[in-house]
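Engineer: Supplied in C-alpha cells, the structure appears directly below.
The values are calculated or read from the model by the stated rules, or taken from the named source; none is laboratory data. From a predicted model like this one, the values you see are computed outputs, not experimental measurements. Cβ: placed from backbone, ideal geometry, glycine included. Neighbour counts: every protein chain shown. Ligands, DNA and RNA are stripped out before the accessible areas are found, and what is left, the full protein with its side chains, is counted by its heavy atoms. Shrake-Rupley method; radii C 1.70, N 1.55, O 1.52, S 1.80 Å.
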2 protein chains.
Amino acid sequence: MPWTIGLDLASAGEPLFLRIVRAITNDIRRGRLRAGTALPGTRTLARMLAVNRNTVVAAFDELTAEGWLTTTRASATRVAANIPEPTALADGVWNQRPAPIASPRPRALRTQPPPGVISLSRGEPDVSLLPAEQLARAYRRALKFGPSSTLSYGDPRGVLALREAIAELVSATRGINATGAQVMVTRGSQMAFALLAEISAPGARIAVEALGYPPAWQALQRLGAEVVPVSVDEDGIRVEELIELHERLPLSAAYVTPHRQYPTTVTLSAGRRLRLLDFASRHGIVLIEDDYDHEFAFSGRPTLPLASMDRVGCVVYVGTLSKVFAPGPRIGFIVTTEERIESLAQRRAILDACGDPAVETAMAELFTSGELRRHINRVRSIYARRREVALESLQRYLADTIEYRVPSGGTALWLHARDGIDVDAWAAAAEKRGVTFHTGRWYSLVDRSLPNIRLNFAAVGEEQIVKAVEVMRRSLTGLRRT
Amino acid sequence: MPWTIGLDLASAGEPLFLRIVRAITNDIRRGRLRAGTALPGTRTLARMLAVNRNTVVAAFDELTAEGWLTTTRASATRVAANIPEPTALADGVWNQRPAPIASPRPRALRTQPPPGVISLSRGEPDVSLLPAEQLARAYRRALKFGPSSTLSYGDPRGVLALREAIAELVSATRGINATGAQVMVTRGSQMAFALLAEISAPGARIAVEALGYPPAWQALQRLGAEVVPVSVDEDGIRVEELIELHERLPLSAAYVTPHRQYPTTVTLSAGRRLRLLDFASRHGIVLIEDDYDHEFAFSGRPTLPLASMDRVGCVVYVGTLSKVFAPGPRIGFIVTTEERIESLAQRRAILDACGDPAVETAMAELFTSGELRRHINRVRSIYARRREVALESLQRYLADTIEYRVPSGGTALWLHARDGIDVDAWAAAAEKRGVTFHTGRWYSLVDRSLPNIRLNFAAVGEEQIVKAVEVMRRSLTGLRRT
C-alpha cells in the first residue's frame, strides 16, 4: 500500500508547512514511514494535499535540515537511513564508560572586556545594534499608560502580555503549541536553570553534555543535584551513552542543547532526537532543552526543538532574549506544562518575588509591534556577514593550524587545533596581545585540556575580527607543541 | 569626675550630630555613662564641643528617639533607666519557653486587588504618586548615554553608581559607615534573604520574631535552615528569650526588624538593642537587620539601625526601595562586610547572573539628582495625613472595639481587638463587603489566631480609608464573640 499523508488537524493553529512536517515525522516515529523509504515528489504531494507546492518544499527543507529526510541530486527524497527502527529501543547499547563525575570549577564572573581588548570569549550579541530608543519609549509607555501594576509587585510567572507574546513566538516559528499559561518569564535562562534545581527532587541526577555551558551546570547543581557528563560527537550528544548511563545510574533529567550544541555548534541528528525523546518519555526523564539562539539560522531553516514533538510533557523548553536581543533586560523563559509552571512560580516568588513588570511590559510591546522581529532580521544579516569575515580570516591566517566545520547558523565557530598545539598556551599568548578567547577546557565538565577554541563573533566588528585572527596568528610564534 | 565627651574623629565622614550620638552611645556601652546619669544641658555641651547648639539638640533628639536618653519637662536629660549595666551579660535569663517550632505555611502570592476592593492588607506604597516620568527619562538616558554595559551583563553586586549612592544614603542618614564595596544591590529585600540562605551553613538555625514577615522566613528557610520563634512585646523582640534559646539550641543567626517591628510597629528599646548586639558579637551570631521603611518617621527622627553600632561585622543590613519608592523596579540592598558581599555575589551570579543594569543606572540617577529624596519627602507628608485620617476613622467607628498604640512612623497601624472578637471572622465578613485586611494569624510563625489586625494605609486614598473603616464597622454586625 503506498504511503498517504494524514494532516493532523488538531494543530490547526500552526503554519501549514509545520503541520506537514509534523505529519511526516509522526509517521516516521510510528513506523509508517521506514528508513530509506522514497517519498512522493513535492508536486505530487502538493496535489494530494491541495496545497501550494512551495509549502511542501518548505516542509521538505525543514525535514531535511532536521535530518529526517535526505535528498540527493536527481533522485527521490527519502527517509534518512540513520533513523532508528521503532523497535530500536531493544537494541544493544554502546559499551562506553562515561568520564568520571566532577563538579564544574568556579569560573570568572562575566565582565566587560577592558578597553582595547578584543573579546572573542563572550557569547553576547552586539548591543550597539539594538533599538534602544524603542525600548526606552516602550518602557515609558508601560509606566505611563500601563496599569499601576507595572510599578507594583507582578505575577511571579511574568506579565501576561509577555507570556502570551512568547507563546505566540514559539507556536508560530518553533512548532511548540503553547498558551501563555504554559509560559513563565525568568531572569535570563540562568534563573530558569536555578528554578529547575529548586523543583528537582533531593539527590537528583542530571545528565549533561560533557562539553557544555558551565553557568547552567552550576545553577542545576546548586541545591545538591549531581551532574554526570555524556560525550558529544559530530551528531550531538551520544544518546546511546546516555541510555546506558541511566541503566547504571538512574537519571532524573538531562540538560541538552539539541538545536546547536553548546559549545561545539553541531545539531543533534534526527535519529538521536527521536531516540532521546522516546527514551525520556518512557522512563519519566525530564529533558531540559536549552534553545539559546534559535533565531540565528543562516542556511536553511532552524531545526524544530524537541519540545515541538513532546506529547507527554517530558520537555522543559528554555529560551532567552539574551542572544537575539540583549542580556541587560534579563528576559528568559520556560515553556512547559501548566502544572510545572505553577511549581516554578511558587519557588520564584520566594527568590525575588517577581520580574520588573514595567520592563516585561515594554518587551511585550517590542514583540507585538514587530520591533523584535525586525531587529532579529537586521542583525541576522550583520552576523552572517561577520561570520563570512571570520571564515575568510581563518582561511587566510590559520588554515594550516586549525580545522572546523561551518555550522548552519549561530554566532560562534568551534575550532580544532591541529598537530598538538597547546591551545591554553595559545590563549595566554593572545591575551597578552589583547585578544581573548576560551579554549575547550572552559567548556569541559571535567577539568582537562582539549584542542578546541570557541570563537564568538557576534559582538565584534568586521575589522576587529580580521585584526583578532591576525593577532591569533602572531601569537602562535614560539608556541611549543605538546 | 564629671563626664566629658570625646568625639570619635575616626568617623569624620559622618554628619556632626551623628558623631555626637555615637560618642554618647559608646560611652553608655562602655559604662562611662550609667543608667540614670544626668547629662549636661545642650547649651553647655555645645560650648564644650564648640558646635552649634542645634547640632546637640539634634543629637539628643536622636538619642531620645532611640531610647538611650530620657527627658522630662523641667528636668535634666538623663541616660535611660532601662539601659543594662555593662555587666548585665552575667544576669539571669528569663525562664520562658519558646513556642513550638513550625514551618511557615505557604501564603497566597502577592496580587493586585480586584477592582472595587479596598485593600488594607498590602504593605505597598502608593505608586500613583511616583515620579514615573523622571524614572522613564532616567532609564532612557541610561540606555542612550550610559556605557554599552547597561544592555549587557552587569556586575552581580549591582551597578557601581547605585551601590555608591546607597552607601552615601546609609552613611548620611542612618549612621552606617559604608563604601560602595560593602553594598550589594538585590532584587528587593526578598532576594537578599534568599541569598543569605544560600551562604548560611547547612543546618543553620535562625531566630525570628514570632510575629513577623512570612516571605522573609520562607526565603531564609528554603535551603533547609530552621527558623525558631522568639516572642515580641511592646519593646520589640524579647532579647533575653533569644539568649536563653541560644543556650539550648545554638543559633547561627537572628532575623530582626528593630527599627519598626514588623508587623507590630514597635521599636526595639535601646537596652535590648545594646544587649542583642553585644550578645551577637560575643557569640558569632549574624544579625539580619531588616530596615524596610526607615524613611517614614512622622514624629522625631528615625532610630539608628543596629548596623550603625556594629564594630565586629556581625550585622547584615537589608534595605529596600519597595516601600519608599516602588516594588516594581525590584531594588533592595545588603550592606555588610566586603567579604560577605563577595560570597553573596558568587551565589547571585548563579541565580540570575545580575540585575538589570539600565534600571539600576536609572535608579542611581534618581538618587544623585535628589529626585528620590524629594519624592520621599513628598509622600511622607501625604502618608502622615492618611495616617491621621485612619486614626480619626478608627476613633469614630471602632473606638469601642479596638485599641492601639500610635507608632512614631511607618505606613501601618497594628490593632488589638477587644472582648474576644473573632478577627478572622471579621476579616471574612469585611472581605464580602469589599475590604481586605490581614489578621494576626497571617504574621504568626505558628499557625494560630491572634486578636490583631494590621491596617496598611499608604496606598489607600483618604476617602477610601474612611470608607474602609466604616465597612469594618458594619462588618462587625452579627459577629460572634469567642
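Engineer: Just give me the residues in segment B:447-478 being in a loop (DSSP other than H, G, I, E, B), in contact with a strand residue (DSSP E or B) (Cβ under 9 Å, 6 or more places away or on another chain) and either crowded, with 17+ Cβ neighbours inside 10 Å or at pLDDT 95 or above (or both), in sequence order.
Structural biologist: Selection gives B:LEU450, B:PRO451, B:PHE457, B:ALA458, B:ALA459, B:VAL460, B:LEU476.
Engineer: For segment A:165-186, does any single residue satisfy the condition of being within 9 Å of another protein chain (Cβ to nearest Cβ), assigned to a loop (DSSP other than H, G, I, E, B) and open to solvent by 10 Å² or more (accessible area, probe 1.4 Å)?
Structural biologist: no
Engineer: Also, I was wondering about something else. For the condition within 14 Å of chain B (Cβ to nearest Cβ), out of contact with any helix residue (DSSP H, G or I) (no Cβ under 6 Å at 6 or more places or on another chain), basic (Lys, Arg) and free of Cβ contacts under 8 Å to residues at least 24 places away in the same chain, what is the one hit in A:ARG137, A:ARG141?
Structural biologist: After ruling out the rest, the residue left standing is A:ARG137.
Engineer: Also: Among the numbered criteria (1) within 14 Å of another protein chain (Cβ to nearest Cβ); (2) in contact (Cβ under 8 Å) with a residue 40 or more places away in the chain; (3) in contact with a helix residue (DSSP H, G or I) (Cβ under 7 Å, 6 or more places away or on another chain), which one does A:ALA197 miss?
Structural biologist: If we test A:ALA197 against (1) within 14 Å of another protein chain (Cβ to nearest Cβ); (2) in contact (Cβ under 8 Å) with a residue 40 or more places away in the chain; (3) in contact with a helix residue (DSSP H, G or I) (Cβ under 7 Å, 6 or more places away or on another chain), just (2) comes out false.
Engineer: Can we say B:THR337 is surrounded by fewer than 24 Cβ atoms within 10 Å (Cβ to Cβ), among the hydroxyl-bearing types (Ser, Thr, Tyr), more than 14 Å from chain A (Cβ to nearest Cβ) and within 30 Å of A:PHE193 (Cβ to Cβ)?
Structural biologist: Criteria met by B:THR337.
Engineer: Sticking with this structure for a sec: Going through B:GLY284, B:GLY313 one at a time, which residue ends up being more than 14 Å from chain A (Cβ to nearest Cβ) and closer than 21 Å to B:VAL21 by Cα?
Structural biologist: B:GLY313
Engineer: If you don't mind, another one. Restricting attention to segment B:144-164, and to residues there that are small (Gly, Ala, Ser) and open to solvent by less than 10 Å² (accessible area, probe 1.4 Å), which single residue is farthest from the other protein chains (Cβ to nearest Cβ)?
Structural biologist: It comes out as B:GLY158.
Engineer: Looking at B:ARG260, B:ARG275, which one is in a loop (DSSP other than H, G, I, E, B), in contact (Cβ under 8 Å) with a residue 60 or more places away in the chain and basic (Lys, Arg)?
Structural biologist: None of the other options fit; the residue is B:ARG260.
Engineer: Take segment A:116-128 and flag every residue that is within 13 Å of another protein chain (Cβ to nearest Cβ) and either assigned to a strand (DSSP E or B) or open to solvent by 30 Å² or more (accessible area, probe 1.4 Å) (or both).
Structural biologist: A:SER119, A:ARG122, A:SER128
Engineer: Sticking with this one: Can you tell me how many residues within segment B:344-369 are open to solvent by 20 Å² or more (accessible area, probe 1.4 Å) and away from chain A (no Cβ under 12 Å)?
Structural biologist: 4
Engineer: Next question, about the same structure. Please specify each residue of segment B:207-237 satisfying the condition of being open to solvent by 10 Å² or more (accessible area, probe 1.4 Å) and over 24 Å from A:GLY203 (Cα atoms).
Structural biologist: If the condition is that a residue be open to solvent by 10 Å² or more (accessible area, probe 1.4 Å) and over 24 Å from A:GLY203 (Cα atoms), then B:ALA210, B:LEU211, B:TYR213, B:PRO215, B:SER231, B:VAL232, B:ASP233, B:GLU234, B:ASP235 are the ones that fit.
Engineer: Could you tell me whether any residue of segment A:295-302 is in contact (Cβ under 8 Å) with a residue 24 or more places away in the chain, under 26 Å from A:ALA23 (Cα atoms), of a type in the set (Ser, Thr, Tyr) and buried (at least 20 other Cβ atoms within 10 Å of the Cβ)?
Structural biologist: no
Engineer: Looking at B:ILE5, B:ILE20, which one is within 27 Å of the chain's Cα centre (by Cα) and either in a loop (DSSP other than H, G, I, E, B) or at pLDDT 80 or above (or both)?
Structural biologist: The conditions single out B:ILE20.
Engineer: Right, next: Filtering segment A:215-252 down to residues that are out of contact with any strand residue (DSSP E or B) (no Cβ under 9 Å at 6 or more places or on another chain) and within 14 Å of chain B (Cβ to nearest Cβ), which residue is farthest from A:ILE199 (Cα to Cα)?
Structural biologist: Ranking the candidates gives A:PRO215 first.
Engineer: Another question about this same structure. Take segment B:200-214 and flag every residue that is within 12 Å of chain A (Cβ to nearest Cβ) and within 24 Å of A:CYS354 (Cβ to Cβ).
Structural biologist: B:PRO214
Engineer: Would a scan of segment A:420-432 turn up a residue that is touching a Leu at 6+ places or on another chain (Cβ under 7 Å), in a loop (DSSP other than H, G, I, E, B) and open to solvent by 30 Å² or more (accessible area, probe 1.4 Å)?
Structural biologist: The answer is yes; a qualifying residue exists.
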